Amino acid sequence: QVQLVESGGGLVQPGGSLRLSCAASGSSFSINAMGWYRQAPGKQRELVAIITSGGSTTYADSVKGRFTISRDNAKNTVYLEMNKMKPEDTAVYYCNAQIVSLTTWTARAYWGQGTQVTVSS
């Protein structure tokens, strides 16, 4: 079984920065794409950014130029650096990983527990 554990959320003022981390733990697995999603109150969960195992990235238009996704494959960890933050970035942020079991050779998506990010003065 694989677990994703997130950290780094909190309260930040408009224009400020936060860094989220998400580490995958378990045994006998390989990670393909990893990403971050967010869900604001009353809204659907939306993609923020994804990064493939090879390092290719995709961003939502609303965060381009402000957020940066990266990963450390040796640590099975994905990061989200958030800069120039806006009140509309307020949401619960969820980590997602596409993981292949090396015992059953099946793939599935795993989700973290979510971390609250609030942008407010």
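The values are calculated or read from the model by the stated rules, or taken from the named source; none is laboratory data. No experiment lies behind these values; they were computed from the predicted model shown. Methodologically, a virtual Cβ is constructed for each residue, glycine included, from the backbone with ideal geometry; neighbour enumeration extends over all protein chains shown. SASA here: full protein model, heavy atoms, side chains in, ligands and nucleic acids out. Shrake-Rupley method; radii C 1.70, N 1.55, O 1.52, S 1.80 Å.
Tabulated data
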item: Candidate set from the stretch 1-23 (those that are open to solvent by 30 Å² or more (accessible area, probe 1.4 Å) and hydroxyl-bearing (Ser, Thr, Tyr)); member that is farthest from the chain's Cα centre (by Cα); result: 17
item: Residues within the stretch 24-52 that are under 10 Å from the mean Cα position of the chain (by Cα) and either at pLDDT below 95 or among the hydrophobic types (A, V, I, L, M, F, W, C) (or both), tallied; result: 7
item: Test: residue in the stretch 86-100 that is free of Cβ contacts under 8 Å to residues at least 12 places away in the same chain and either loosely packed, with under 14 Cβ neighbours inside 10 Å or not small (Gly, Ala, Ser) (or both); result: no
item: Residue 62 vs. criteria within 25 Å of residue 121 (Cα to Cα) and open to solvent by 50 Å² or more (accessible area, probe 1.4 Å); result: yes
item: Check on residue 42, free of Cβ contacts under 8 Å to residues at least 40 places away in the same chain and open to solvent by 60 Å² or more (accessible area, probe 1.4 Å); result: yes
item: Meets criteria (free of Cβ contacts under 8 Å to residues at least 40 places away in the same chain and out of contact with any helix residue (DSSP H, G or I) (no Cβ under 7 Å at 6 or more places or on another chain)) for residue 74; result: yes
item: Subset of the stretch 5-36 (residues that are under 13 Å from residue 82 (Cα atoms) and without any contact (Cβ under 8 Å) to a residue 60 or more places away in the chain); result: 21
